[in-house]
Amino acid sequence: MWLKLFAFFFIVTCIWAGEKDVAEYGDDDFSSKVSEHDTVLVMFYAPWCGHCKRLKPEYEKAAEDLIRNDPPVILAKVDCTEAGKETCNKFSVSGYPTLKIFRNGEMSQEYNGPRDASGIVKYMKAQVGPSSKELKDLSALEKFLVADMDVSIIGLFEKESDLKSTFFKLADKEREKLRFGHSTHKEVMDKYGVTDGIILFRPPHLANKFEEDMIKYTGEASTVDLHNFITSNYHGLAGHRKNDNKQNFNNPLITAYYAVDYVKNAKGTNYWRNRILKVAKLFSGRATFAISAKDEFQHELNEYGIDFVKGDKPTILARDAKNQKFIMKEEFSVDALEGFANDLLDGKLEPYLKSEEIPESNDGPVVVAVAKNFDDVVTNNGKDTLIEFYAPWCGHCKKLAPTFDELGEKLKNEDVSIVKMDATANDVPPTFEVRGFPTLYWVPKDSKDKPIRYEGGRDLEDFVKYIAKQATKELKGFDRKGNEKKEKTEL
């Protein structure tokens, strides 16, 4: 009985731990509370906001970490619908969640960092203290290297130099993305044989026999050269790819998705990573390799038609230089991965295409495009084309649908095609950038590789005027201004 009670209270304590570290401010105490701390990150939210609900657990997890930082960073929240209405108005909050950084009671800047816990922690730690931490002895350096599970850039300088100046310039510029530390202690410099130099240290949990744990910079005193050195060596042969750093991994990219967890199962994580590294070393400079947690990147797995990863072995997915998608169909092994990488780089693999089935009947006023027929109904249709990329759940798309149908009907006898595509169920070609719904593009029939984003109005008249003006040849039924042509009558 006592064991059950203990377990219950332990679980409850864990659940509340992050929540209690997020301070709740209102109109009555906001000014006084933020003035008590050097740095405060404030989330302005509405209880009904879906984005706020998704951010909440990440925010609470980050708060639990940042409150223990030296110096501490406070995370707070303000309810813009109740106790904090006036405060939200004061700081021009117009959407939710809005995050702002306060310093010594004054609004300092908008928060433009990641929205996951680790990203928030990394971004906010960079907002406090100097851009490079002074490491006064060997013990301080050793503690710094293991304090975060991240790469460290360490400058060792006996005296003033151009390289030292370069190091601090880059630290000031990149403090939100990279960890910098420096030392002038003789014991530290003697240990590494450096009196005027910079060393990149990879985090201990990523140590392996296939690459060095630390790399000395041998370039010129140039911030560009130093930054390029860091970028090219930061993730090593097979980096740990996460949501807050995925943009750093360039194509061609081969990623192993499995139960990556360096907190609860570092040994098991590195068991598979070492096998990835063995292959990655063979392709160094030709392809990028990475490991990713399958649960964290389920959305990417879905993009390859994979609902879940079976078993313990990694699932291997890739993108080539053209950003086409590929799946390693064989069960994971070192030999299979090597063969897959060779075939990928040699262009021998068939790309994976997420697509709905081609409609049996496609003769309506608006042509339906799917990934499998995109070339036929858009790229090679021989017509000027207006295409809408939509999502079935999108309210604005539903509102536009009848107007789009009417447009297609009105222009059915013209050398113009009106097309729609569900961008949530089909791969969108890379020449089209779709970040929200609906997104519309005008595709001239003689310049299919240069689609033009449609930014005009969404009424029928707006579309007709735009198409009449942009059409390769003047429309049969409308002049260039979009006015309907009158039929000539015989006398």
Return the distance in nm (one decimal) between the two label points of a simple spin-label model at Ala321 and Glu106, each offset 7 Å from Cα along Cα→Cβ. 5.2 nm
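Tell me, in nm to one decimal, what length is gained between Tyr304 and Trp393 on full extension, where the rule is 0.36 nm per residue of separation less the Cα-Cα distance?
Numbers: separation 89, 0.36 × 89 = 32.04 nm, distance 2.13 nm.
Going from the current span to full extension adds 29.9 nm.
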Rounded to whole Å, give me the distance from the Cα center of segment 68-89 to that of segment 310-363. 46 Å
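Compute the signed sum of charges (Lys and Arg +1, Asp and Glu -1) over the other residues within less than 14 Å, Cβ to Cβ, of Ala171.
Working: positive: Lys125, Lys133, Lys164, Lys169, Lys173, Arg175, Lys177, Arg179; negative: Glu134, Asp172, Glu174, Glu176.
Local net charge: +4.
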So if I take the centroid of the Cα atoms in segment 414-457 and the same for segment 189-233, what is the distance between those two points in Å? 45 Å
Specify whether the C-alpha gyration tensor of the chain places it in the rounded, prolate or oblate class, a ≥ b ≥ c being the square roots of the eigenvalues: rounded for a/c under 1.5, otherwise prolate if a/b is larger than b/c and oblate if not. prolate
For segment 192-339, with the dipole built from +1 on Lys and Arg beta-carbon atoms and -1 on Asp and Glu ones, taken about the Cα centre, which of Phe308, Ile215, Ile276 lies farthest toward the positive end? Phe308
Can you tell me how segment 113-195 classifies by the Cα gyration tensor, rounded, prolate or oblate, using a/c under 1.5 as the rounded cut? oblate
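Near Pro438, within a Cβ-to-Cβ distance under 10 Å, what is the net charge of the other residues, with Lys and Arg +1 and Asp and Glu -1?
Numbers: positive: Lys398, Lys399, Lys420, Arg458; negative: Glu388.
Within the 10 Å Cβ shell, the charges total +3.
Over segment 36-91, what percent of the accessible surface lies on carbon and sulfur atoms, probe 1.4 Å? Walk me through the intermediate numbers first.
Values: 1410 of 2900 Å².
Ligands and nucleic acids excluded, carbon and sulfur reach 48 percent.
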Counting only protein heavy atoms, what percent of the accessible surface of segment 249-380 is carbon or sulfur at a 1.4 Å probe? 45 percent
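Given charges of +1 on the Cβ of Lys and Arg and -1 on the Cβ of Asp and Glu, with all other atoms neutral, how large is the dipole of the chain about its Cα centre, in debye to the nearest 20?
Around 420 debye, computed over the chain.
Does segment 360-444 classify as rounded, prolate or oblate by the C-alpha gyration tensor (a ≥ b ≥ c root eigenvalues; a/c under 1.5 gives rounded; else a/b over b/c gives prolate, otherwise oblate)? Intermediate values should be presented prior to the final figure.
On the way: a/c = 1.56, a/b = 1.13, b/c = 1.38.
The shape class here is oblate.
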Spelling out what I want: for every residue of segment 409-417, take phi, set θ = phi - 60°, compute 6.51 cos²θ - 1.76 cosθ + 1.60 (Karplus), and round to whole Hz; glycine and proline get x. 5, 5, 10, 5, 9, 9, 7, 9, 10
Of Lys322/Lys445; Lys53/Lys246; Lys372/Lys445; Lys61/Lys216, which sit over 27 Å apart, Cα to Cα? Lys61/Lys216
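With a 1.4 Å probe and every protein chain left in place, work out the accessible area per residue of segment 293-412 in Å², rounded to a whole number. Each step should come with its number before you reach the end.
Numbers: 6740 Å² over 120 residues.
Counting only protein heavy atoms, the per-residue value for segment 293-412 is 56 Å².
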Estimated FRET transfer efficiency when R0 is 45 angstrom, pair Glu409-Asn89 (beta carbons, to 0.05): 0.45
How far is it, in nm, from the label point at Gln470 to the one at Glu360 when both lie 7 Å from their Cα along the line to the Cβ? 3.5 nm
When the chain is fully extended, how far beyond the present Cα-Cα distance does Asp295 get from Lys216, taking 0.36 nm per residue of separation? 24.9 nm
Could you tell me which trypsin sites (Lys or Arg not before Pro) in segment 117-149 are loop residues by DSSP with no more than 13 other beta carbons within 10 angstrom of their beta carbon? Lys136
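Taking R0 as 45 Å, what's the FRET efficiency between Asn69 and Lys281 from their Cβ-Cβ distance, rounded to 0.05? Walk me through the numbers before you get to the answer.
Working: r = 36 Å, r/R0 = 0.81.
Taking R0 as 45 Å, the efficiency between Asn69 and Lys281 is 0.80.
Note the full-extension length gain between Lys53 and Ser447 as 0.36 nm times their separation in residues minus their Cα-Cα distance, in nm to one decimal.
137.4 nm
With a probe of 1.4 Å, find how much accessible area segment 123-236 has per residue, and write the answer as a whole number in Å².
51 Å²
As a test of reading the structure, rank Tyr257, Tyr192 by solvent-accessible area (1.4 Å probe, protein chains only), most first.
Numbers: Tyr257 10, Tyr192 30 Å².
These residues rank, largest area first, as Tyr192, Tyr257.
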Segment 276-351: GluC sites (Glu not before Pro) falling in loop per DSSP and having at most 13 other Cβ within 10 Å: Glu330, Glu331
Per residue accessible area in Å² of segment 22-108, where ligands, DNA and RNA are left out and the probe is 1.4 Å: 51 Å²
For segment 130-174, with all protein chains present and a 1.4 Å probe, just round the carbon and sulfur fraction of the accessible area to a whole percent. 49 percent
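The values are calculated or read from the model by the stated rules, or taken from the named source; none is laboratory data. Everything numeric in this text was worked out from a predicted model, so none of it was measured. Ideal geometry is used to build each Cβ from the backbone, glycine not excepted, and the neighbour counts take in all protein chains shown. Just the protein is used for accessible areas: all its heavy atoms, side chains included, with ligands, DNA and RNA removed. Shrake-Rupley method; radii C 1.70, N 1.55, O 1.52, S 1.80 Å.
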